[in-house]
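One structure below.
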Amino acid sequence: MTTTAARTTTEGSQPANGQTIRRRYDGLADWYDAEMRRLPLTATATSTVAGLLGPGHGRCLDLACGTGILLPGLTALGWRVTGVDVSGDQLRLARRRAAGCGASLAQADASRLPFPDGTFDAVVSLFAHTDLDDLGRTAAEAARLLRPGGRLLDVGTHPCFVQPFAERPAHGPILLHQGYRARGWHGHGPGFNAGIRPRVGANHLPLADLVNAFLGAGLTLRRLEEPGEDDYPFLMALVLER
Ligand SMILES: C[S@@+](CC[C@H](N)C(=O)[O-])C[C@H]1O[C@@H](n2cnc3c(N)ncnc32)[C@H](O)[C@@H]1O
């Protein structure tokens, strides 16, 4: 399988950590939000986050919150929620959800966030580990923002079975092509025939690299789950503790 760099859908960029941050979701927010509401996977993913996090009264950061799909559920659990995302277009839709549930929002790069050390009791991140340019740096920033004993939940696509190399036909078995160890941004492949990925690509990390990005930030892995009923899991959830 050949893979290439993702098509850039960036509308603007900003310097941070000496690098250019791409806002790949700018211009896609309305489409993305409608797609998220349509997919049954969204309900599985959001209930996984809620189930693993549970009720709480502390501060919770929704890292790469997108259009704010998690905000109402997290605030309903009692958490005081702040959503951050780099995309102004995604935050435009998140603003409506935040207003409806009392969450606050900030536009910022996940690897350099405008909060003091230990601000949050929990950090959650949904469908983001494939979209960040530097997962290790973001994990380190999440660890900095957590109080000691605070938890980080990372829920997203499974790195072994949902990537450009993983073709998932409507019927029949999943087909794994070459490319599992090809780290980095990919814009197309047999597994990227529909949905968001042909539009923004994905930053693929093999399973060990993904988990080690969090462990390298000094976090301790408490639980790993593969939610859902699919034969080969679509989702992977990590619960880590500072
Ligand atoms: C697949 S979307 C997930 C959004 C939301 N969590 C959800 O589940 O619908 C990935 C999000 O990551 C955001 N993102 C990508 N790189 C980022 C960065 N460096 N800092 C903050 N957000 C980022 C994108 O703007 C996008 O909203």
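What follows draws every value from the coordinates through simple rules; no lab data is involved. Every value quoted in this text rests on a predicted model; they were computed, and no experiment measured them. Cβ coordinates were reconstructed from backbone atoms using ideal geometry, including for glycine residues, and neighbour counts include every protein chain displayed.
The residue list A208, P173, F120 was ranked by how far each Cα lies along the charge dipole of region 13-241 toward its positive end, using unit charges on Cβ atoms, and F120 comes out on top. State the antiparallel share, in %, of DSSP beta bridges confined to the chain, rounding to the nearest 5. Around 55 percent antiparallel, to the nearest 5.
For region 76-220, the Kirkwood radius over C-alpha pairs fed into Stokes-Einstein at 20 °C and 1.002 mPa s yields D = 128 µm² per second.
The slack in the chain from W31 to R223, taken as 0.36 nm per residue of separation less the alpha-carbon distance, amounts to 65.8 nm.
Computing FRET efficiency as 1/(1 + (r/R0)^6) for D209 and H171, where r is the C-beta to C-beta distance and R0 is 22 Å, gives about 0.10. Packing order of peptides 34-46, 191-203, 121-133, highest average first: 121-133, 191-203, 34-46 (average count of other Cβ atoms within 10 Å over each peptide's residues). With the biggest extent put first, the Cα atoms of the chain measure 46, 38, 35 Å across the principal axes. Using only side-chain charges placed at the Cβ, +1 for Lys and Arg and -1 for Asp and Glu, the dipole size of the chain relative to its Cα centre rounds to 400 debye.
Ranked by the mean number of other Cβ atoms within 10 Å of their residues, highest first, the peptides 168-176, 143-151 come out as 143-151, 168-176.
Which shape class, rounded, prolate or oblate, goes with region 27-122 when its Cα gyration tensor gives a ≥ b ≥ c as root eigenvalues, a/c under 1.5 marks rounded, and past that a/b bigger than b/c marks prolate? Since a/c reaches 1.5 but b/c is at least a/b, the shape of region 27-122 is classed as oblate.
Using a Förster radius of 30 Å, what is the FRET efficiency between Q107 and A194 based on their Cβ-Cβ separation? Nearest 0.05, please. Computed FRET efficiency for Q107 and A194 comes out at 0.55.
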